[in-house]
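The values are calculated or read from the model by the stated rules, or taken from the named source; none is laboratory data. What you see is a predicted model; the values in this text were computed from it and never measured. Glycine also receives a Cβ, built like all others from the backbone with ideal geometry; neighbour counts cover every protein chain displayed.
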Amino acid sequence: MGEARSDGHAIETMQVEERRYKPDPEFSRQANAQPDIYGKSFDGFWSQESKRITFFEPWKKLYEWNPPYAKWYLGGKLNVCFNCVDRHVEAGLGDKVAYFWEGEPVDDRRQITFAELQREVVRFANGLKKLGVKKGSHVGIYMGMAPELPVAMLACTRIGAPFTVVFGGFSGEALSDRMNDMQCELLITQDEGWRRGHRVPLKANADAAMADSPTVKKCVVVKRTGGDINMQDGRDVWAHDVLEDVSDDPKSCPCEPMDAEDLLYLLYTSGTTAKPKGIVHTTAGYLVGVSTTHHYIFDVKPDSVYWCAADIGWVTGHSYIVFGPLANATTGIIYEGTPDFPDKDRWWQIVERYRPDILYTAPTTIRTHMKWGPEYAQKHDLSSLRLLGSVGEPINPEAWVWYREHIGGNRTPVVDTWWQTETGMILITPLPGITTLKPGSATKPFPTIDAAVFDNEGVLGEPAAGVVGSRTGRTSRYPSSTASDTGAHPDGCAACMATPSGTSRPTGAAGRTRTSSATGRASTRTATSGFSAASTTS
């Protein structure tokens, strides 16, 4: 558990920030979130929001809360792939663009509609089934930001095969640790990736990992660069060979009905503070949570083009590139490369080309663009942007203001969000059109989330510096929260703990309360007046 510092300068530095940005009345009138959202009851809100998801069989009980364990939407049957792809095609949205994909090499682009995405997912799922993957099989995925990455994830959900995505920048050793923990039977990877014009040896790293991963019997390799790689007979198969003779007809691979609490995926923490643990996210609660927060926090509209510039290998990419946006039938952008290849205006070329109205990125990247200077953004038309977001670590006020002024044209709201791998969805955030914004501050908890700060003995204190948790037992389990973490508790859930003052989830996040809120990373222990949390969404 992370410790908060109340005596150092770092936790106090942002409390003198006095700038405020009131909502624009025109934005407020059209906003998805209206002020009455904060007055809705816990049960009523999450019952109503479940209607944005299609259940094959309706849920019978909203939640079952036996501290520190909880289950959501009990009795419901659904399929994530159906909710993210098939139902949109059935609703007549087949020609709508699901993803604009841009490779790092200049002029390497694809436009994928929902109908095309459905066909690709069905083919991939049939290919996996041909190799023996079935409901309950465990699959590892180790790829760069190729379009086949979300296709592979969705194919697994279509079959009902739980998966773990390992960030493509991790080593073979990190990959093998995760595959061994999950007992993966099959690995999906690619020959190589691109990064700043250089090739990333993904298959070579995967070979090293599989040498120490005895449960992996098959490896599917997507061709990306065409580079020379080793292919082991009897184990390794090219994706294009497997998919050559399989059907892309949705009827040939119907979506598997899954229980609301069936395992969807494992995502391993980065391991910066301890051995990585596999964070368990199940099906219904997670999908309701990420689609709900995506709708309200980013104010997505039917014609929105939304760019979350994270990597899908992190939880931000799972929740807010793949599952949340696709569940909401939102057009997204996926970019394979770095912001400075071939030059430092690559991102702003992408904004000008695809005209997104929403951009969600990390403070580290914003500060990098600050260092490069605003002239790169000024070369391009960024007028399509109407909302900006921040995620991953604390954003200092000057970076927040620079982002708004130079990228948002001094007119866009900036939603600074706080959450974690364990939470699955955003927990502390402004709501655009409602919240008066403070640079560097995540302002207040999302509706129905009852966040508070405890000391290391579990005692609630306001104002206080300590560990971010939940004030009440009931709301420390929100729909997308981790169901457990692997191997950490004999009963499967170490993500929650009982404290003398109630039940809270030990986020490992340093925090401080005042009158609004803010967020940060434990290593920086940054705070503002209000709610300060020190953690990350790795």
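Overview of values
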| quantity | calculated |
| --- | --- |
| Qualifying residue in region 188-199 (condition: of a type outside the set (Ser, Thr, Tyr), in a helix (DSSP H, G or I), touching a residue at least 60 places away in the same chain (Cβ under 8 Å) and farther than 27 Å from Cys255 by Cα) | no |
| Positions within region 309-347 being under 20 Å from Gly409 (Cβ atoms) and either in the same structural domain as Pro162 (by TED's automatic domain parsing) or in contact (Cβ under 8 Å) with a residue 40 or more places away in the chain (or both), in sequence order | Ala309, Ile333 |
| Options Asp248, Asp262, Asp233, Asp241: the member that is closer than 23 Å to Leu131 by Cα, in contact (Cβ under 8 Å) with a residue 12 or more places away in the chain, of a type in the set (Asp, Glu) and surrounded by fewer than 18 Cβ atoms within 10 Å (Cβ to Cβ) | Asp248 |
| Residue within region 256-271 that is β-branched (Val, Ile, Thr), at pLDDT below 95 and within 14 Å of the chain's Cα centre (by Cα) present | yes |
| Given (1) part of a helix (DSSP H, G or I); (2) over 15 Å from Leu243 (Cβ atoms), index of the condition Gly132 fails | (1) |
| Residue among Val220, Val216 that is assigned to a strand (DSSP E or B), in contact with a helix residue (DSSP H, G or I) (Cβ under 8 Å, 6 or more places away or on another chain) and modelled with pLDDT of 95 or more | Val220 |
| Search result, residues across region 358-394 that are modelled with pLDDT of 95 or more and of a type in the set (Asp, Glu) | Glu375, Asp381 |
| Output for region 374-393, where each listed residue is within 21 Å of Lys22 (Cα to Cα) and touching a Gly at 6+ places or on another chain (Cβ under 9 Å) | Ser383, Leu385, Arg386, Leu387, Leu388 |
| Answer residue from region 1-36, given it is among the hydroxyl-bearing types (Ser, Thr, Tyr) and modelled with pLDDT of 95 or more and is nearest to Gly433 (Cα to Cα) among those | Ser28 |
| In region 353-401, residue surrounded by the fewest Cβ atoms within 10 Å (Cβ to Cβ) [restricted to those that are out of contact with any helix residue (DSSP H, G or I) (no Cβ under 9 Å at 6 or more places or on another chain) and among the aliphatic types (A, V, I, L, M)] | Val401 |
| Strands (runs of 3 or more DSSP E) wholly inside region 23-114 containing at least 1 residues that are in the same structural domain as Pro356 (by TED's automatic domain parsing) and surrounded by fewer than 17 Cβ atoms within 10 Å (Cβ to Cβ) | 61-66, 69-74 |
| From the options Ser304, Ser319, residue that is among the polar types (S, T, N, Q) and surrounded by fewer than 24 Cβ atoms within 10 Å (Cβ to Cβ) | Ser304 |
| Yes/no for Leu175 being under 29 Å from Pro276 (Cβ atoms) and touching a Leu at 6+ places or on another chain (Cβ under 9 Å) | yes |
| Residue tally, condition within 19 Å of the chain's Cα centre (by Cα) and under 20 Å from Pro302 (Cβ atoms), over region 335-356 | 1 |
| Qualifying residue in region 108-121 (condition: polar (S, T, N, Q), without any contact (Cβ under 8 Å) to a residue 40 or more places away in the chain and under 22 Å from Lys203 (Cα atoms)) | no |
| Helices (runs of 4 or more DSSP H) lying entirely in region 255-371 (those with 1 or more residues that are within 23 Å of Val200 (Cα to Cα)) | 346-354 |
| Search result, residues across region 236-250 that are within 21 Å of Met210 (Cα to Cα) and either in a strand (DSSP E or B) or β-branched (Val, Ile, Thr) (or both) | Asp236, Val237, Trp238, Val242 |
| Any hit, region 133-141, residues being more than 24 Å from the chain's Cα centre (by Cα), crowded, with 22+ Cβ neighbours inside 10 Å and either of a type in the set (Asp, Glu) or in the same structural domain as Ala204 (by TED's automatic domain parsing) (or both) | yes |
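Residue-wise test of (1) farther than 16 Å from Val222 by Cα; (2) of a type in the set (A, V, I, L, M, F, W, C); (3) surrounded by fewer than 24 Cβ atoms within 10 Å (Cβ to Cβ); (4) touching a Pro at 6+ places or on another chain (Cβ under 9 Å).
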| site | (1), (2), (3), (4) |
| --- | --- |
| Gly144 | no, no, no, no |
| Glu148 | no, no, yes, no |
| Thr157 | yes, no, no, no |
| Asp181 | yes, no, yes, yes |
| Arg195 | yes, no, yes, no |
| Leu202 | no, yes, no, no |
